[in-house]
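The values are calculated or read from the model by the stated rules, or taken from the named source; none is laboratory data. Bear in mind the structure is a predicted one, so any value in this text is a computation, not a measurement. When we count neighbours, we look across all protein chains shown, and the Cβ atoms used for this are built from the backbone with ideal geometry, even at glycine.
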Amino acid sequence: MILHFDKRKRSSYSAFEPTSALQGEIYSRDELGEEILKIEKYTPSRAIAKASSFALILEKGAIYINKSSIFQFKIIGEGLLGEQRLRWESEIKAKYLKVESESIRQAWSIFGAYDGMGDYGHTSPNTRLLLSEGFSGILTRVKKCALNSCGDNEKEDFYHSCEIVLEAIISAANRFADKIEPYNAENARALRQISSGAPTDIYEALQLLIFYFYIHEYIGGTRIRTLGRLDLLLQPFYENAIKSDAYTKKQIFNMLKFFLYTLWIMEVPYDIPFCLGGLTESGADATSEISYMIIEAYDSLNIHSPKIHIRTSDKTPRNFIKRVLRCIRKGNSSFVLFNDRIGIEALRRVGISEHDSIDYVPIGCYEPAVWGVEMGCTGNGGVNLAKAVELVLNNGCDQRIGRLVGVNTPAPQSFAEFVEAVKVQIRYMTKLATDYIVEIERHYKSINPDPLLSAQYENSVKAGVDVYDGGAKYNNSSLYFYSLASLVDSICAVKTLVFDKKLFTFSELCDILTLNWNGFERERLIALNLEEKYGNGNTTADALTAELSEFCATLINNMPNGRGGVFKAALFSINHFVHLGERTAATPDGRYDGEPLSKNLCATVGMDRCGVTALINSVTKIDFASFPTGSVLDIMLHPSAVSDREGLEAFQGVVMTYFKKGGFAMHANIFDLQTLRDAQLHPHRYKGLQVRVCGWNAYFVNLSRTEQECFIKQAEALL
């Protein structure tokens with residue numbers, strides 16, 4: 001096997017050569033699209049239409065081989081099934097949800113208040129089953145269960161659709177094997193093995209994961225948001241390889257580099273995640289030799305994708321955590337660390353068994369779901385908490401447009417009435433968002449049947465029901481609550497300025513904010529410099545943080561959804577804090593109209609004045625087990641604070657303290673102010689400067705000016 005890794009061969013598909021189909025002509029992408037439209041027209045079953053479209057692409061689409069790589073995966077036809085889903089979703093909306101869809105669009109795009117949507121992009125494939133049985137083994141399972149479906153047309157269609165996609169992917173693996181064989185016989189052997197059975201060694205296992213991921217993500221049209229617990233998947237193959245002398249450790253290390261780099265060149269939006277470490281079903285620690293090797297391979301590449309989820313518990317070796325933190329300190333920061341104790345408890349609170357909860361994987365950014373068992377749909381939408389304050393101040397209306405978005409609440413006569421009015425607005429927006437989610441979920445099987453994913457879910461195959469139609473063991477949904485700090489700071493400002501110190505009346509505050517603080521700079525500075533700010537150990541702000549977060553969680557958790565499952569709350573903002581800020585009027589905390597809101601669990605930019613310890617102490621007043629779709633604290637540290645051995649110990653102490661006090665997830669950026677300012681002025685000098693944006697990494701120079709300024713202001717607070 002050729003295992004000399006060369007990063008200079010990154011990315012462009014110039015290294016790939018197109019090949020023709022084994023039989024008959026190949027189709028261009030446009031021709032494939034035309035044939036798919038014909039399939040849709042003449043195939044009544046959406047599941048069969050989806051499967052047949054998938055099979056068409058795998059049979060007639062041009063495949064590309066890369067002679068210099070040890071992995072093959074690329075087929076022309078990217079995005080066609082995603083376009084198919086959009087057509088089907090548009091039909092459903094036009095027929096059943098026309099008014100509701102337009103209302104929810106405006107609520108998000110125009111008013112920045114709340115959002116609700118169908119989520120077809122946060123999936124947890126059963127990669128454990130894929131590696132243990134292979135495509136052919138899963139096909140055998142499907143055929144066995146199909147024997148019991150006679151006379152039930154929907155079940156027969158389901159099983160037939162699963163058979164179509166599995167047979168197509170098996171055939172496609174053989175196509176690749178035939179074309180790469182003259183150049184790399186071992187790669188051809190691996191492809192033939194995964195077409196006929198389960199992988200028998202670590203090389204075949206990695207080829208299967210690469211092949212499956214690309215086929216499902218780019219051809220199948222469903223976002224794959226985790227590869228699962230990669231060290232648990234690969235450790236048995238690794239041990240067998242070393243024991244049998246099939247491969248040396250150096251060869252396996254280079255395989256892992258090829259594997260990670262191959263995922264990198266796919267340029268997956270928001271990066272492809274997998275998980276390492278954490279507790280096993282027996283309660284042991286999953287960290288193994290290959291866990292360390294994967295980290296070493298990633299660190300040697302200086303890439304920002306894949307993103308790596310690190311599960312930790314009291315049993316996690318501290319040296320493993322330190323190795324991850326050394327990567328972050330170095331600038332290879334595509335990591336987020338999780339607290340198993342909180343993640344497991346959070347899932348238990350929404351009806352997931354302890355046995356299943358232990359086997360969670362973070363989906364996408366930070367969202368725990370049971371690996372290959374739960375259809376979590378962890379990206380259904382969210383509520384802008386800061387908007388609730390604007391709505392109270394404007395009788396339920398968006399200030400700039402004057403349209404009624406919330407509930408018409410009377411001017412509060414006391415602070416308690418004000419807080420209650422804010423809760424009324426949050427409750428109202430939450431209901432509108434979840435009502436829409438429930439309604440569109442009832443149509444999932446007509447919008448996005450997914451036979452390839454369904455075939456991997458035991459409950460789905462046994463029941464003959466698609467995973468998007470409630471076929472999984474757990475069929476849950478999500479709702480996020482955005483910008484908690486902006487909410488808390490605004491409420492604290494109203495308490496202090498209007499009801500405690502009485503610097504102005506509630507009506508006068510409304511007028512001042514309508515003017516965007518214009519002519520009231522002195523009052524704005526007073527608001528900015530109040531002691532009652534989120535994340536600084538202030539008792540008033542901390543009490544409100546705990547109260548309001550728990551209020552939000554109780555609105556969502558265990559509420560029935562439209563697929564036989566329940567809703568799970570989340571408390572992070574993704575990257576929406578800029579979009580929402582642009583659509584949120586001036587707020588009582590001193591923020592101007594249009595400025596970014598707070599991000600994730602962070603303090604409002606520039607308002608965390610007492611350091612990371614105070615921030616942790618305040619944030620952990622929240623019960624994070626009440627947010628089973630996740631939460632995250634971003635921290636930024638100065639390089640001088642984490643340099644040398646003592647600095648690394650301090651860095652680990654910060655993470656462990658957060659987890660000990662009940663935090664769920666944390667990620668970090670290590671920056672100094674001068675570097676960021678210089679990168680903004682001279683981007684050509686800092687093309688490789690990574691930043692942890694939210695649940696993914698990006699290059700600092702590729703961020704918008706607004707996003708860059710947020711990082712710069714955070715760095716200023718470290719001085």
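Here are the numbers for the structure shown:
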read-out: Out of Asp115, Asp119, sole residue that is touching a residue at least 40 places away in the same chain (Cβ under 8 Å), among the charged types (D, E, K, R), within 15 Å of Tyr468 (Cα to Cα) and not in a helix (DSSP H, G or I); value: Asp119
read-out: Search result, residues across the range 180-190 that are assigned to a helix (DSSP H, G or I) and under 10 Å from Asn66 (Cα atoms); value: Ile180
read-out: Leading residue by the ranking (farthest from Gly118 (Cα to Cα)) among those in the range 375-389 that are of a type in the set (Gly, Ala, Ser) and assigned to a loop (DSSP other than H, G, I, E, B); value: Gly376
read-out: Subset of the range 87-107 [under 25 Å from the mean Cα position of the chain (by Cα), farther than 30 Å from Glu34 by Cα and touching a residue at least 24 places away in the same chain (Cβ under 8 Å)]; value: Ile104, Ala107
read-out: Some residue of the range 281-296 being among the polar types (S, T, N, Q), touching a residue at least 40 places away in the same chain (Cβ under 8 Å) and not in a loop (DSSP other than H, G, I, E, B); value: yes
read-out: Among residues of the range 343-362, those that are touching a Gly at 6+ places or on another chain (Cβ under 9 Å) and of a type outside the set (A, V, I, L, M), counted; value: 6
read-out: Selection count, the range 227-255, where residues are on the phi < 0 side of the Ramachandran plot, part of a loop (DSSP other than H, G, I, E, B) and surrounded by 21 or more Cβ atoms within 10 Å (Cβ to Cβ); value: 2
read-out: Residues being aliphatic (A, V, I, L, M) and out of contact with any Leu (no Cβ under 6 Å at 6 or more places or on another chain) - total across the range 139-166; value: 4
read-out: Matching residues, the range 195-220, being hydrophobic (A, V, I, L, M, F, W, C), closer than 21 Å to Asn254 by Cα and over 24 Å from the mean Cα position of the chain (by Cα); value: Ile202, Ala205
read-out: Whichever residue in the range 52-76 is assigned to a helix (DSSP H, G or I) and touching a residue at least 40 places away in the same chain (Cβ under 8 Å) and, among such residues, is surrounded by the fewest Cβ atoms within 10 Å (Cβ to Cβ); value: Glu59
read-out: So Ala168, is it crowded, with 16+ Cβ neighbours inside 10 Å, in a helix (DSSP H, G or I), of a type outside the set (Lys, Arg) and modelled with pLDDT of 95 or more; value: yes
read-out: Unique residue being basic (Lys, Arg), in a strand (DSSP E or B) and either at pLDDT below 95 or buried (at least 18 other Cβ atoms within 10 Å of the Cβ) (or both) when the list is Arg311, Arg329; value: Arg311
read-out: Single residue of Ala493, Ala527, Ala543, Ala485 found to be in contact with a Cys (Cβ under 7 Å, 6 or more places away or on another chain) and in a helix (DSSP H, G or I); value: Ala485
read-out: Selection count where residues are more than 25 Å from Ser305 (Cβ to Cβ) and either surrounded by 15 or more Cβ atoms within 10 Å (Cβ to Cβ) or within 18 Å of the chain's Cα centre (by Cα) (or both), scope the range 664-700; value: 1
read-out: Count of residues meeting criterion [crowded, with 18+ Cβ neighbours inside 10 Å and either within 27 Å of Ser573 (Cα to Cα) or touching a helix residue (DSSP H, G or I) at 6+ places or on another chain (Cβ under 7 Å) (or both)] in the range 98-135; value: 25
read-out: The range 463-478 residues that are farther than 18 Å from Val438 by Cβ, paired with ones that are among the charged types (D, E, K, R) and part of a strand (DSSP E or B) (beta carbon under 9 Å, 6 or more apart); value: Lys473/Glu374
read-out: Restricting the range 701-719 to residues that are closer than 26 Å to Asn536 by Cβ and among the β-branched types (Val, Ile, Thr), the residue that is farthest from the chain's Cα centre (by Cα); value: Ile712
read-out: Close pairs (7 angstrom Cβ cut-off, 6 or more residues apart or separate chains): outside any helix (DSSP H, G or I) in the range 644-661, surrounded by 13 or more Cβ atoms within 10 Å (Cβ to Cβ) and among the polar types (S, T, N, Q) anywhere; value: Lys661/Thr620
read-out: Of residues in the range 580-624 being of a type in the set (Gly, Ala, Ser) and not in a helix (DSSP H, G or I), the one nearest to the chain's Cα centre (by Cα); value: Ser598
read-out: Flag if Arg583 is under 30 Å from Glu521 (Cβ atoms), modelled with pLDDT of 95 or more and surrounded by fewer than 24 Cβ atoms within 10 Å (Cβ to Cβ); value: yes
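Residues are listed down the side, and each one gets a yes or a no for (1) touching a Ser or Thr at 6+ places or on another chain (Cβ under 6 Å); (2) part of a helix (DSSP H, G or I); (3) surrounded by fewer than 21 Cβ atoms within 10 Å (Cβ to Cβ); (4) aliphatic (A, V, I, L, M):
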| site | (1), (2), (3), (4) |
| --- | --- |
| Gln425 | no, yes, no, no |
| Thr434 | no, yes, no, no |
| Pro449 | no, no, no, no |
| Leu452 | no, yes, no, yes |
| Tyr468 | no, yes, no, no |
